[in-house]
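A short write-up of the structure that comes next.
The values are calculated or read from the model by the stated rules, or taken from the named source; none is laboratory data. Computed from a prediction, not measured in an experiment: that's the story for all the values here. Methodologically, a virtual Cβ is constructed for each residue, glycine included, from the backbone with ideal geometry; neighbour enumeration extends over all protein chains shown.
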Amino acid sequence: MNNKQIIARKYAKAFLNIYLDKITLNDFNSIKNLAAFFSTHKTSLYFLSIPSINATTKQGAINELLKKFNLYQLFEPLIRTLITAKRTFLIYDILREIIVLYKQRKNIIMFNIISSHRLENSDLKIIEKFLAIKTNKKIMSKSTINKELVAGIRLQSNTLLWEYSIYKQCETLRRQFNI
């Protein structure tokens, strides 16, 4: 970790020490969406690091963003603190750390459920229950379709992978016969 990440983690820990129980699932998804916004709009982070832009302008811009993501009430005290400390440029790193620490503290693991066809909500719930039992964690999932699986399913997190598909079986056979 570099100094910037260490400082961001300290802010994230302090934020979660106060607000962990106030963050709803919708808030958590909004935090992820805001982090994704900053990830794709890096120039906004650059402008937050320019010292000649006054604090009022920076706070106004960030507050408008927070309102669009329905996070103003939750994050306004943090933003005031960052502006006072002249560290608004850390907001993206802090958001990323909040996401990681929130999942750790709430015992959550994210899975991408990849299937060869569209799954019904009832099927997704069964899969999430299976994963919760196997991992002993709360499961948050995102469902995607990958026709290359031919038939079957792949359950993938940052650290775990479980797959049962025609594609995997064909790959296994191809490796056995060096094709």
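Of all residues in region 160-171, exactly one satisfies the criterion of being out of contact with any strand residue (DSSP E or B) (no Cβ under 8 Å at 6 or more places or on another chain) and closer than 26 Å to Ile133 by Cβ, namely Gln169. Just the residues that are of a type outside the set (Ser, Thr, Tyr), within 20 Å of Ile98 (Cα to Cα) and either outside any helix (DSSP H, G or I) or touching a residue at least 24 places away in the same chain (Cβ under 8 Å) (or both), please, taken from region 33-55. Residues satisfying the conditions are Asn33, Leu34, Ala35, Phe37, Phe38, His41, Leu45, Leu48.
Does Tyr92 meet the test of being at pLDDT 90 or above, over 18 Å from Leu20 (Cα atoms) and not in a strand (DSSP E or B)? It is true that Tyr92 is at pLDDT 90 or above, over 18 Å from Leu20 (Cα atoms) and not in a strand (DSSP E or B).
The single condition among (1) part of a loop (DSSP other than H, G, I, E, B); (2) closer than 21 Å to Ile7 by Cα that Glu76 does not satisfy is (1).
Which of the following residues is under 30 Å from Asn3 (Cβ atoms), touching a strand residue (DSSP E or B) at 6+ places or on another chain (Cβ under 6 Å) and not β-branched (Val, Ile, Thr): Asn146, Asn107? None of the others qualify; the one that does is Asn107. So in region 53-78, with the set limited to residues that are hydrophobic (A, V, I, L, M, F, W, C) and under 20 Å from the mean Cα position of the chain (by Cα), which one is surrounded by the most Cβ atoms within 10 Å (Cβ to Cβ)? Result: Phe75. Scanning region 115-143 for residues that are surrounded by 12 or more Cβ atoms within 10 Å (Cβ to Cβ) and polar (S, T, N, Q) turns up Ser115, Ser116, Thr135, Ser141, Ser143.
The rows are residues; the columns are (1) among the β-branched types (Val, Ile, Thr); (2) over 30 Å from Ala14 (Cβ atoms); (3) in the same structural domain as Leu16 (by TED's automatic domain parsing).
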| position | (1), (2), (3) |
| --- | --- |
| Glu97 | no, no, yes |
| Leu124 | no, yes, no |
| Ile127 | yes, yes, no |
| Gly152 | no, yes, no |
| Gln156 | no, yes, no |
| Lys168 | no, yes, no |
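I want to confirm something. Restricting to region 144-177 and keeping residues that are assigned to a loop (DSSP other than H, G, I, E, B) and not β-branched (Val, Ile, Thr), which single residue is surrounded by the fewest Cβ atoms within 10 Å (Cβ to Cβ)? For region 144-177, the residue satisfying everything is Phe177. Candidates are the residues of region 111-132 that are of a type in the set (Val, Ile, Thr) and either in a strand (DSSP E or B) or within 22 Å of the chain's Cα centre (by Cα) (or both); the one that is nearest to Asn29 (Cα to Cα) is Ile113.
The residue that is farthest from Ile108 (Cα to Cα), counting only those in region 1-42 that are among the aliphatic types (A, V, I, L, M) and surrounded by 18 or more Cβ atoms within 10 Å (Cβ to Cβ), is Ala8.
Scanning region 13-29 for residues being of a type in the set (A, V, I, L, M) and either touching a Phe, Trp or Tyr at 6+ places or on another chain (Cβ under 7 Å) or farther than 14 Å from Pro77 by Cβ (or both) gives a total of 4. Contact annotation: residue pairs with Cβ atoms under 8 Å, 6 or more positions apart or on different chains, pairing a residue in region 18-29 that is among the acidic types (Asp, Glu) with a partner that is not in a helix (DSSP H, G or I), are Asp27/Asn70; Asp27/Leu71.
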